[in-house]
Every structure is written in structure tokens, then in C-alpha cells.
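The values are calculated or read from the model by the stated rules, or taken from the named source; none is laboratory data. Here the structure is a predicted model, which is why all the values come from computation and not from measurement. For neighbour counting, all protein chains shown are included, and Cβ atoms are generated from backbone atoms with ideal geometry for every residue, glycine included.
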Amino acid sequence: MSRTLLTANGITVTVRDGWDVEFSELAGESPRSLVHLANFSLPVERGDYGSGAVEIMGSAGIFMVLMEFDATASSSALFSGGVMPTSLAVADFSGHTLQRRIPNQLGTQRFFVASGRPFVLYVVLGSTRTAPLLVPEVNRTLTGVSIADSSQ
Amino acid sequence: MIVLLIVAFVAIAVLTLIVFGLLRTHADILRALDRAGISLDENSASLSAAPVSLTQPSRNRDAADIVGTVPGGGPVSVGVGGARHTLLAFMSSGCKTCATFWSEFESPALDLPGESTRLVIVAQDPAHDSESRLVELAPSGVRTMCSSAAWEAYDVPGSPYFVLIDGSTRKVTGSGTATNWPQVRQLLVQAIGDAKSGTAHSANGVSAELAAFGIGPGHPSLYPPDPAERRSQEDNE
């Protein structure tokens, strides 16, 4: 079975069946990448951290954000030393991490540097009850993400 | 004199070939524009108001996720699975028949048939359509993307063309073309109805087959015996 890859600015995502993925660029002095991934229909109009999308996701929904920060941030304490996670656990998720608090939803946020580029990974799960089933799906999706130099 | 005649003859022959070549290229361009649904006739809008066709040529074929780019944006992938319908509207920026759909899809009161139906407008890649025009035409809140690969995958003959997908089965429920939204909507309602009755027919068919063997509601063969009861029957045998 052939795999579908989406690539832009050095970021490559292996698209999973039935998932919505969208790449965009954030305005700024230098272009920064923003990638949204979801196992449900992403609304066209939504915020960088998923406002407009997380409200409509069901209990089995997964919403993921990969947001690039300005290159100067890579040496900051927040990002340095962090690597892109690929094996998150249910315990890594909490309702307190959500950018937009919605009952029963869980979130996690990880800051890291990949190929010298600082990123934040933000993940929202549809419900506490389904989290044990959804977290392995998140990890499977993350293993299909690779980040190279933006010139590639 | 003879040399001059020969040169003139050769020149006429070459010019004739060039003219034929140009005419052929012109015909190819006209045919390509026609295939893309673009008419050069300013008065053709009234002509194209007549229904084109309402067909279901690709019903029950497998549906594939759509991969392409957002006009003026980055790469995008749209999943067509799940407990919902997806309506793919294959459109062009320059096709006159499409103009009515571009404005129709702007309406927040657009009534889409099916289960939580999601509308996805699919144009050709920027190499084959005007990306800047697509940015202008894209209705707010409606996923609009460029994907010539999707046109190929769904055997789109020209624009406008519509494909309805049932996400629960990942199959094409119906497809076809028309000149206005009420016609398309009617096609889709009919296709959904046909798909449902097809399922009902299958179920009825199974019942009819069982009835032909004397198996009807309440027949013991439809209810496996209790394991304890089965053991006692085996012991008695």
C-alpha cells in the first residue's frame, strides 16, 4: 500500500488514512511552519492552536499542532534539550494543558528542537475515557513526522 | 525563372504546412478548453443553462482521500472516511457553468444532503488553473483545494462535476454533473436513496432466499441451541 507524504519547508508528514492534514505559514520576519493534523474534518477557519476545531471534535477525536517558533528561540531554556516526542503516555495528558478548556478533553504540550528549528507540539484528545485508545494513535502519527532543515 | 518557380513552390508548400499546423494547434486548444468547461462564446451562458446530464457512472467504486494544495496556501490532505458524507465539487475558475456554483456555495444556508455532509471544492493544480482567481472565488468556510490527482483518481470528465462519498463505507454513492445546485442536490438525494434501498434490497434478498428453504422468523435453525441443552442432546445420541 502506497504511503501519501505531504512535505513543505523541510517538514514531511505521512498522511494516515482518513486524516486531515494542512500545512500553512505563520507571518513573521522569517516564515515559520504550522501543521495541523486531525482524525476528523478540520474546519477551514480555525485558530493556530485549534480553536474552532477542538469544539467540534468528538470523544474519539485527535487534534495535533506542530508550530515552529523563531530560530532564536532554539537556544532558550524552554526548547533546548527537547527532542520530538514519539512515545507519549496517557499520563502526559491533562486538562490543565489545554489552550481552551473543554470538559473531558485532555491536552499535552512539548517544546523541542529538530534540525536546529524550535517547535512546539500540542495535542488534544477528545475525551478522558478514550485517551488509552487515542494516545497510541497519536504516537503512530508522530512516527510519520520528520523535520529537516527548512531549505529542504 | 525555373529556379524562382521552384523557390516559390517550396515557399508555398512550407507556408501551407505552417497554416495547417497552426489550425491543428488551435483546434487542440479549443478542445482542451471545452474539456475544462471553458467556453469562448460570450453568449454560451444561456446555452449551457440546459441540463447537461445526471449520471452515476462511478457508483460503488472505492473512494480515496484527497491530497493537494490550498490555493495560495500549503499542502493539504482531506480524509473522506468516517460517519459522514463528503461531497467533492470539481470546479474550474473559468468555467461559466461553475460560476453559479461558486456563488451558491457562498450561502451559509446551503442545504447539503446526507449525513453531516462536508463540501470540498477541488480545482485543478495551479499549473492548469488560475490560483489567484481560485483564492478570490473560494467561499469562506468551505474547504477549497487544488488537486489534479483527484481529478484523475475520480475520472472527472470536466467541470463542474460532483462526487458524493459515503464515509462509513468509503464508497462513491453517486456522481454526475448538472448546471445548477437544485439539479445536483436532486441527484445526490436520489443517489443516497438508491444506496439505502440497495442495502434494503440485499437484506430482503437474504430473507427471500431463506424463505425459499422454509426458514422464516422463529425457525429453530436461526437460534443456536443452549450449550447445556446441546450437550444433553449429544449424550442422548
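Of all residues in the range A:109-121, those that are closer than 11 Å to A:Gly81 by Cα have Cβ atoms under 6 Å from Cβ atoms of residues that are buried (at least 21 other Cβ atoms within 10 Å of the Cβ) and at pLDDT 95 or above, 6 or more apart or on another chain, in A:Phe112/A:Phe119; A:Ala114/A:Ile147. Considering only residues in the range A:12-60 that are among the β-branched types (Val, Ile, Thr) and within 21 Å of A:Thr108 (Cα to Cα), the one that is nearest to the other protein chains (Cβ to nearest Cβ) turns out to be A:Val21. Of all positions in the range A:79-88, none carries a residue that is facing chain B (nearest Cβ under 9 Å) and either closer than 29 Å to B:Thr69 by Cα or of a type outside the set (Phe, Trp, Tyr) (or both).
Let's see how each residue does on (1) part of a loop (DSSP other than H, G, I, E, B); (2) closer than 14 Å to B:Ala178 by Cα; (3) modelled with pLDDT under 95; (4) of a type outside the set (Val, Ile, Thr):
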site: B:Ala83; (1), (2), (3), (4): yes, no, yes, yes
site: B:Ala89; (1), (2), (3), (4): no, yes, no, yes
site: B:Ser92; (1), (2), (3), (4): yes, no, no, yes
site: B:Leu112; (1), (2), (3), (4): yes, no, yes, yes
site: B:Val120; (1), (2), (3), (4): no, no, no, no
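The rows are residues; the columns are (1) under 16 Å from the mean Cα position of the chain (by Cα); (2) surrounded by 15 or more Cβ atoms within 10 Å (Cβ to Cβ); (3) more than 13 Å from chain A (Cβ to nearest Cβ); (4) at negative phi.
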| position | (1), (2), (3), (4) |
| --- | --- |
| B:Lys96 | no, yes, yes, yes |
| B:Pro108 | no, no, no, yes |
| B:Glu115 | no, no, no, yes |
| B:Met145 | yes, yes, no, yes |
| B:Ala153 | yes, yes, no, yes |
| B:Val156 | yes, yes, yes, yes |
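Among the residues making up the range B:127-143, those that are away from chain A (no Cβ under 13 Å) and of a type in the set (S, T, N, Q) are B:Ser130, B:Ser132.
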